[in-house]
Amino acid sequence: MPAVKRPRIDVDLRPFFAGEEKGHHTKSLVVWHETVSHNRPGVGDILSPAAFLDANGLEVHGFTDMEGHSAWCYDPTAVFDHAASGTGRVNSRSIGFEQVSEVPLESSARERRRMWDPAGPRKKQLDVAAAWAAWLFVELGIPIRWSQGDRPGHTSHWNVSRTYLGGDGHWDCKPVHQGGHWPALYVMSKARQIVAASL
C-alpha cells in the first residue's frame, strides 16, 4: 500500500464526542455533510458546530473548513449519529465528515456552485477533503469512488436521504454531477492523484 500522510489535525473532537458512540464497526463509506454555518478565521468555525452537534445528540468523525483546517475524532470505527438511513445502516458502516459551509443558505443553485468552485477560495477546503479521502483509502481501504450510499466509497447526505428515505429534505453536499453544488468528482480525482503521487 502507498504511504499517505494523515492530514494535520487542528481540532481534537474527542472532548465533544468520545463516549457517545453507539458501538464500533468496520467502515466502508464516507458521508460528506455541510454544517450550514459560516466560515470564520481560525478554528472557531469548527468548534461551534461541533458543540451544536454534541448538544443535539449528533456526532461526526471529522470536519474541514475553508482555510484548510481539520478536526478528527481519532476513532474511525465509532458508530456516530450523522446520517439517518432507516434499514440502510449507513451510520454503522460510514464515517461522517462535515464541511464548514454557509453555501446552502444561498437561494440560487448557480451561486452555490460558484461558491464551491474548486478554482475559487474553497480550494483549500476541497483539497484537504481529498487528502482525508486518500488517507482513509490507505488506512481503511475505503474506495475513492462516488456512491449513492448503497456500496462502499464516498457519498453525500443528499445521496443517503435520496437512496434510503425518499429525500427527507436533506440536500447538503448534493454533488454537481447530480445537479447540485458540491464538486464531489473533483474531490475524488484529487484524492486519487494524492495516492498515485505516493507510489
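A few notes on this one:
- Restricting the range 96-115 to residues that are more than 18 Å from Ala50 (Cβ to Cβ) and among the hydroxyl-bearing types (Ser, Thr, Tyr), the residue that is least open to solvent (accessible area, probe 1.4 Å) is Ser108.
- Within the range 134-186, the set of residues being open to solvent by 70 Å² or more (accessible area, probe 1.4 Å), of a type in the set (Asp, Glu) and under 28 Å from Leu105 (Cβ atoms) comprises just one member, Asp168.
- Subset of the range 96-118 that is part of a helix (DSSP H, G or I) and in contact with a Phe, Trp or Tyr (Cβ under 8 Å, 6 or more places away or on another chain) - its residue that is farthest from Asn159 (Cα to Cα): Val103
- Checklist (1) more than 22 Å from Ile46 (Cβ to Cβ); (2) modelled with pLDDT of 95 or more; (3) of a type in the set (A, V, I, L, M, F, W, C) applied to Ala109, failing item: (2)
- Only one of the numbered conditions (1) among the small types (Gly, Ala, Ser); (2) over 18 Å from Pro76 (Cβ atoms); (3) open to solvent by less than 30 Å² (accessible area, probe 1.4 Å); (4) touching a residue at least 40 places away in the same chain (Cβ under 8 Å) is violated by Gly120, and that is (4).
The values are calculated or read from the model by the stated rules, or taken from the named source; none is laboratory data. Owing to the predicted nature of the structure, the values given are computational and were not obtained by experimental measurement. Positions of Cβ are backbone-derived with ideal geometry, glycine not excepted, and every protein chain shown enters the neighbour counts. Accessible surface is based on the protein model in full, side chains and every heavy atom, while ligands, DNA and RNA are left aside. Shrake-Rupley method; radii C 1.70, N 1.55, O 1.52, S 1.80 Å.
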